[in-house]
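For reference, the structure is listed below as structure tokens.
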Amino acid sequence: MANKPLLYIGAGILFLIGLCFVGYGALNVIGSTSASGSSNWLTYGLGFGCVGALFLAGGAGIYFCAHPFLDSLKAIAVGAGISTFVFVQWVAPFVSEFPEKVTAFYWAKTRRKAPMGLLNMVSSSINQWTLLIGMLPVIYSWSRGEVSAIPFDDHQRAEILLTAAQSFLSFVLLANLRFHWYEATALFVLWFVQFVFADLREEILLAYGAWIAVEAGLVLAGRKSLPVFRESAIVWRQHLRPGAPRQA
């Protein structure tokens, strides 16, 4: 039996983090619409109202499309003689996020829009690790009529741990607000190896851990800085005080 308080506290924390991220992005977009910094609270209210409307529209779309989408993938897998579990696991995320990937890859072709393409992928990952994961145990418990933990087998636990390590490493690499070509290449190689050779996933997990340790050592030794926290604080101060002058 799942611990009810801990289950909902954990889900609530993740959900709040996701809402803060959405608010952070909305503040940036709304604030940037006025070059003179003259945005007032009415502007922010209308902006957040539009964000809320889009959020509800997206939720309605998922509610009405999720089951037909899943049934279609299963039918294709059965027709092709492929395991429905494997097919849904790998094809569903790719198909559902295909428009996002197309725009990100298109923007990545130019130097000016490449950061926008990267941020498009990063924002998707943050939403998945906060809002999505925070809501899953709540919806699962509601569907069962009791507080329940989502069961995972050993293979699924390994997948979750591997994905978490990869995501944390990506955060560490991006925290200095630079993303070098060799970092991207190494991340892709590690992902491709574990995708092709499933038996090497434990070794890949150790490689992620070693890389994270190296990056932490560079930060502690003063050879690498993490300006993302300072820059984020500047953006928060700027947009939480409409009309305030921009700080350098």
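Every number in this text was worked out from the coordinates using simple rules, so none of it is lab data. These figures come from a predicted structure and were not determined experimentally. Ideal geometry is used to build each Cβ from the backbone, glycine not excepted, and the neighbour counts take in all protein chains shown.
Here are a few things to note about the model shown:
- Note on Phe152 and Leu46: the extension gain reaches 33.9 nm, defined as 0.36 nm multiplied by sequence separation minus the Cα-Cα distance.
- Taking Cα centre as origin and charging only the Cβ of basic (Lys, Arg, +1) and acidic (Asp, Glu, -1) residues, the dipole magnitude of the chain rounds to 1080 debye.
- One compactness figure for the chain is 1.16, namely its Cα radius of gyration divided by 2.2 N^0.38 Å.
- Shown for the chain are the DSSP H helices of 24 Å or more along their axis, judged by Cα atoms, with a mean Kyte-Doolittle hydropathy of at least 0.5: 4-32, 41-80, 154-174, 201-220.
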